[in-house]
Amino acid sequence: MSTSTSDPGPRPAARPRRRRPLVAGAAVVVVLTGLGVRLLLAGAWTGPVGDALYAVLVYLGVAFLLPRRSAWAVGAIALALCTAIELFQLTGLPLAWAEAFGPARLVFGTSFVASDLALYALGVVAATTADLLVSRARR
């Protein structure tokens, strides 16, 4: 078996130049949808939907900052960030920050809820799947 020394190994996924504007546009849609769900609708389902949309927004933020990373890498980073933020709530700092500055609640939450981790995973899986499908369709 011969090996080639010119093979650089796996390369990051190629991203079109228009990736950041598309991701930013999707983020605006997600933010507006999340605010609409939170402010205009009522019901037990709005919290879980908001958690999943939060994870989608984190995914889009990572995709915006790292546009050449594969959807799988972006998804892994987004899920790690969501998990870290949820675990950070165990310290009580996000609650104190939210009491001092209300909008911090939207970014960091206030209290740890284990089921949020599953909702974040659901949101990240949905965003990763959508990204893969859009990428495939644009080829």
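The values are calculated or read from the model by the stated rules, or taken from the named source; none is laboratory data. Remember, it's a predicted structure, so these values are computed and weren't measured experimentally. As a convention, Cβ positions derive from the backbone with ideal geometry for all residues, glycine included, and neighbour counts pool all protein chains shown.
Tell me, yes or no, whether segment 115-129 has at least one residue that is free of Cβ contacts under 8 Å to residues at least 40 places away in the same chain, touching a Leu at 6+ places or on another chain (Cβ under 7 Å), surrounded by 12 or more Cβ atoms within 10 Å (Cβ to Cβ) and not acidic (Asp, Glu).
No, the conditions are met nowhere in segment 115-129.
It is to be established whether one or more residues within segment 10-18 are over 23 Å from residue 72 (Cα atoms) and either modelled with pLDDT under 95 or touching an Asp or Glu at 6+ places or on another chain (Cβ under 7 Å) (or both).
Going residue by residue through segment 10-18, those that are over 23 Å from residue 72 (Cα atoms) are none.
No, because not a single residue in segment 10-18 is over 23 Å from residue 72 (Cα atoms) and either modelled with pLDDT under 95 or touching an Asp or Glu at 6+ places or on another chain (Cβ under 7 Å) (or both).
Being touching a residue at least 24 places away in the same chain (Cβ under 8 Å), aliphatic (A, V, I, L, M) and out of contact with any strand residue (DSSP E or B) (no Cβ under 7 Å at 6 or more places or on another chain) is true for just one of 77, 85. Which residue is that? Give the steps one after another, and end with the answer.
Working: 77 fails: touching a residue at least 24 places away in the same chain (Cβ under 8 Å).
When all the criteria are applied, what remains is 85.
What is the number of the single condition among (1) of a type in the set (Ser, Thr, Tyr); (2) under 10 Å from the mean Cα position of the chain (by Cα); (3) under 17 Å from residue 22 (Cβ atoms) that residue 129 does not meet?
Residue 129 satisfies all of (1) of a type in the set (Ser, Thr, Tyr); (2) under 10 Å from the mean Cα position of the chain (by Cα); (3) under 17 Å from residue 22 (Cβ atoms) except (2).
So for segment 111-119 (the condition being at pLDDT below 95 and among the hydroxyl-bearing types (Ser, Thr, Tyr)), does at least one residue qualify?
yes
Of a type outside the set (Gly, Ala, Ser) and in contact with a Ser or Thr (Cβ under 6 Å, 6 or more places away or on another chain), is that true of residue 37? Before you say what the answer is, go through the steps one by one.
Details: of a type outside the set (Gly, Ala, Ser): yes; in contact with a Ser or Thr (Cβ under 6 Å, 6 or more places away or on another chain): yes.
Criteria met by residue 37.
Counting just the residues of segment 29-83 that are within 12 Å of residue 124 (Cα to Cα) and exposed (fewer than 15 other Cβ atoms within 10 Å of the Cβ), which one comes out nearest to the chain's Cα centre (by Cα)?
Looking at the filtered set, the residue picked out is 80.
Just to confirm my filter: which helices (runs of 4 or more DSSP H) fall fully inside segment 39-120 and include at least 2 residues that are closer than 28 Å to residue 22 by Cβ? Give the steps one after another, and end with the answer.
Values: elements: 46-65, 71-88, 93-100, 104-108.
The helices (runs of 4 or more DSSP H) meeting that bar are 46-65, 71-88, 104-108.
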